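Student: Sharing a structure, written as structure tokens. Questions coming.
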Ligand code: GLA
């Protein structure tokens, strides 16, 4: 009877809250027999999610099956359940299942249906997020690389070059996972359409189209959209249920939801920690705050999804890249309550204790599963090597001037370019664009590195008495997973020039370097190793010339019993590691990650083979397995171009283009200049801050172009920051131009004593641009967050910083 009444209430709510066209999808949630014989209904009511007519407070945890060895799926699901959660949230990454256009893969580690079955078996419901775009610090945000064979910016739009393959993908998802919906006896309660679209664009017709595609794909459970708090109102459409994503300030998030719809309040992504990028400090969540916010949500009958309950590892080459170009580490530990290796420590216990009082009638909390065995492996040497340049495939692509690799149907990996450079004086080799790293060689000798992170596309070349062989070895790290910058076409992009030193500086002698031979080791979806010609190492001095860097290295080690371990790769440079043919992920000595998680099930008793690809060369070609991970050791001095702090500001004598005061609080603010400014560098100068402690912090700076439109940040770099916190938290200046409001630039904390104002942040825009104003996002979070700037000045000019010497 109660059931019956609630159901009527649900339908009324839907009729008032959602457009009539969406009615069928909800009403179909009723009265369908599950294969197991039980009938379950799920619906969105006026104030609650309703399961069989009863209130369901969704306590959800996100886990990506692609980031957990299949052998451990069940273990992690048991851990999630034991934390007091009743639902798991799972992204699908389109490119993980369709690396080659039209060829879908749902086998083994990609068996999404099996993951859902296991969740159901463990008593967990599922929220599915099939994309087509995901973000998630995953290669290209989950979009397949082959889309980039087309020119222009068309991803995540109604352009047929995107919509047609995306609709095909979603139909395929419907075929495979449609039967797993609650309406057909499965565990899937709700399905997300797109992902944080309001963060990216404003074409709501695109969202409507995506919703239709999902309906056509056979999804008949409630469909929803997620957006960060500040994008909820502007991107809500009544046909889709809205949830808000945030890591702080749940009151504000829920308020935004209440403004757009009647219905239960849900946080779609609640962040207990954050992800790491190479070269920036390891992130940790503030547990006190996290638990307070969680308790608030539970108390007000809110629902949530913890992003991440268990982060795991971006195995293989799947880790993504923050914008403009800051690659993510392979560890996706996320400081989540269930650690990368599935450990349930203090954080887990705190979550469990906070959630337990809110269990629903009939729910019980289960015991945590035992931790999997951990082993140590004594240090062993890798005594064979295979130079990359000596192991290139025979197949050659001829190009007058190189184009993006997608154009040659190369997905990712190592790409070698070679040509002949005529005799001549010393000078500079310059590419138009390099994504991501490129090592330049003259007759086999290293000349320098080009690096997309700092947009260094130039390398000095010596004088040549005769023609020489010019080679460039390009390494792709990952395609950007966020913002317009996702149109991240890899490779060395021509035209490539040689600029001789003898030419006058006003009219340099620029010689076009044409006719390249291109050979690729395409690592493909699963980073399969090519056949390599291994050579024993004859000398112990690895730094000496007998080993040509970059190279593959091979060794083996023996274990009696298998178990999880953390490979200590701290004596190596940068590259990737394979164990028994499985690619574990990337390493980079700059940190913060210095170990690599090796799951026990991928080992076998007896001999195991390990291969390391090291582009910059090891200090010692040795590896050991540790019992504890090292996720927090930064070594900036190991980078190709260690940060130069000697550059000087050159603001003397310059007039600010704008002066003003920001408003207090965390709301975004738009500032329009009285007249257009023109320049290549933008400097924000803080003169004081709201709480008077002397710090400066900025979550995000965006610029308006001459038409008042937001500019792309793709070509931006940080030219100068007077101070950055790098010990207590990640206060890197790059956080101010990465499109994420949740992190920020923060001046050094120095044990709470601030350096005095003024503080200056200088952004280099890549070229001279007309600027009509800027959008400032203050540091987010509570009212007492330090560093919110009050009075400020803006300088714009050709060059506001002296070149580093
Ligand atoms: C956003 C995205 C997620 C993830 C987080 C950061 O909220 O929706 O996929 O990228 O940021 O971890």
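Bear in mind these aren't lab numbers, they're just calculated from the coordinates by the rules spelled out. None of these values were measured; they are calculated from a predicted model. Neighbour counts are summed over all protein chains in view; Cβ atoms, including those assigned to glycine, are modelled from backbone coordinates with ideal geometry.
Student: Could you please rank 798, 239, placing first whichever residue has the fewest other Cβ atoms within 10 Å of its Cβ?
Tutor: Values: 798 9, 239 20.
Starting with the residue having the fewest Cβ neighbours, the order is 798, 239.
Student: Now, a different point. Grab the beta carbon distance between residue 620 and residue 46, set R0 = 60 Å, and tell me the FRET efficiency rounded to 0.05. Mind dumping the intermediate values first?
Tutor: Numbers: r = 65 Å, r/R0 = 1.08.
Plugging the Cβ-Cβ distance into 1/(1 + (r/R0)^6) gives 0.40.
Student: Here is a further query. Figure the gain on full extension for residue 652 and residue 609 (residue separation times 0.36 nm, minus the Cα-Cα span) and round it to one decimal in nm. Before the final figure, lay out the partial values.
Tutor: Working: separation 43, 0.36 × 43 = 15.48 nm, distance 6.02 nm.
That works out to 9.5 nm of additional length.
Student: If you wrap a convex hull around the C-alpha atoms of the stretch 234-291 and split its volume per residue, what is the figure in Å³? Working shown, then result.
Tutor: Working: hull volume 6.1 nm³, N = 58.
It comes to 105 Å³ per residue, whole-number rounded.
Student: Taking the Cα-to-Cβ direction at residue 705 and at residue 359 and moving 7 Å from each Cα, how far apart do the two end points lie in nm?
Tutor: Placing both labels 7 Å beyond Cα along the Cβ direction yields 5.7 nm.
Student: Could I ask something else about it? I'd like the per residue volume of the convex hull spanned by the Cα atoms of the stretch 678-805, given in cubic angstrom. Present the calculation step by step, with values, prior to reporting the outcome.
Tutor: Numbers: hull volume 13.9 nm³, N = 128.
Output value, Cα hull per residue: 108 Å³.
Student: Does anyone have the angle between helix 160-177 and the longest principal axis of the chain? Alpha-carbon axes, 0 to 90°, nearest 10?
Tutor: 50
Student: Mind ranking 77-85, 247-255 by how tightly packed they are, going by the mean number of other C-beta atoms within 10 angstrom, highest first? Each step should come with its number before you reach the end.
Tutor: Values: 77-85: 23.8, 247-255: 19.7.
Per-residue mean Cβ counts within 10 Å order the peptides as 77-85, 247-255.
Student: Given N residues in the stretch 179-218, what is Rg(Cα) / (2.2 N^0.38 Å)?
Tutor: Working: Rg = 12.5 Å, N = 40, 2.2 N^0.38 = 8.9 Å.
Ratio of Cα Rg to 2.2 N^0.38 Å: 1.40.
Student: Hey, another quick one. What number, rounded to the nearest 500 deg cm²/dmol, is the helix-based mean residue ellipticity at 222 nm of the chain, given -39500 (n - 2.57) per DSSP H run of at least four residues and division by all its residues?
Tutor: On the way: 11 runs with 117 residues, N = 805.
-4500 deg cm²/dmol, from helical runs alone.
Student: Here's another thing I want to ask about it. Compute the distance in nm between two label points, each set 7 Å from the Cα along the Cα-to-Cβ direction, one at residue 627 and one at residue 533.
Tutor: 4.5
Student: Compute the acute angle (0 to 90°) between the alpha-carbon long axis of helix 112-121 and the principal axis of greatest extent of the alpha-carbon atoms of the chain; round to the nearest 10°.
Tutor: 40
Student: Can I ask one more? Which translational diffusion coefficient, to the nearest whole µm²/s, is obtained for the stretch 394-525 from the Stokes-Einstein equation, given a Kirkwood hydrodynamic radius over C-alpha pairs, 25 °C and 0.890 mPa s? Kindly include the intermediate steps, with their values, before the conclusion.
Tutor: Numbers: Rh = 15.2 Å.
Approximately 162 µm²/s, per Stokes-Einstein.
Student: Which order do 99, 439, 106 fall in if you start with the one that has the fewest other Cβ atoms within 10 Å? Display every interim value, and only then the final one.
Tutor: Numbers: 99 19, 439 23, 106 16.
With the sparsest Cβ surroundings first, the list reads 106, 99, 439.
Student: Give me the Kirkwood hydrodynamic radius of the stretch 603-686 in Å, from all C-alpha pairs, to one decimal place? Can you show the working numbers first?
Tutor: Working: mean 1/r = 0.0493 Å⁻¹.
Evaluated on the stretch 603-686, it is 20.3 Å.
Student: A follow-up question, please. Pop the C-beta distance of residue 101 and residue 396 into the FRET formula with R0 = 22 Å and round what comes out to the nearest 0.05.
Tutor: Values: r = 24 Å, r/R0 = 1.10.
E between residue 101 and residue 396, to the nearest 0.05, is 0.35.
Student: For the stretch 410-476, what D do you get in µm² per second when you plug the Kirkwood radius from alpha-carbon pairs into Stokes-Einstein at 37 °C and 0.692 mPa s?
Tutor: Numbers: Rh = 12.2 Å.
My calculation gives 269 µm²/s for D.
Student: Note the angle between two axes, namely the Cα long axis of helix 2-17 and the longest principal axis of the Cα atoms of the chain, as a number of degrees from 0 to 90, rounded to the nearest 10.
Tutor: Computed tilt is about 50 degrees.
Student: Send over the Kirkwood Rh of the stretch 80-185, from the inverse of the averaged 1/r over different Cα pairs, rounded to one decimal Å.
Tutor: Numbers: mean 1/r = 0.0671 Å⁻¹.
Computed over the stretch 80-185, the radius equals 14.9 Å.
Student: Next question. Report the FRET efficiency, 1/(1 + (r/R0)^6), for residue 408 and residue 157, where r is their Cβ-Cβ distance and R0 is 22 Å, rounded to 0.05.
Tutor: Values: r = 25 Å, r/R0 = 1.15.
Approximately 0.30, to the nearest 0.05.
Student: Determine the principal axes of the Cα atoms in the stretch 321-454, then give the extent along each, sorted from largest to smallest and rounded to whole angstroms.
Tutor: 80, 38, 30
Student: How compact and how long is the chain, expressed as Rg and Dmax of its alpha-carbon atoms in Å?
Tutor: 27.0, 94
Student: To continue, here is another question. What's the exposure ranking of 313, 791, 561, going from fewest to most Cβ atoms within 10 Å? Each step should come with its number before you reach the end.
Tutor: On the way: 313 25, 791 15, 561 9.
Fewest-to-most ranking of 313, 791, 561: 561, 791, 313.
Student: Please work out how much length the chain gains when fully extended from residue 71 to residue 715, using 0.36 nm per residue of separation minus the C-alpha to C-alpha distance, in nm with one decimal.
Tutor: Details: separation 644, 0.36 × 644 = 231.84 nm, distance 4.22 nm.
Roughly 227.6 nm would be gained on extension.
Student: Percent of alpha carbon pairs in the stretch 137-267 separated by more than 27 Å? Mind showing how you got there, number by number?
Tutor: Numbers: 2005 of 8515 pairs.
Across the stretch 137-267, Cα pairs with separations above 27 Å total 24 percent.
Student: Taking the convex hull of the alpha carbon atoms in the stretch 511-659, what volume per residue do you get, in Å³? Intermediate values should be presented prior to the final figure.
Tutor: Working: hull volume 37.9 nm³, N = 149.
Hull volume over Cα atoms, normalised by residue count, gives 255 Å³.
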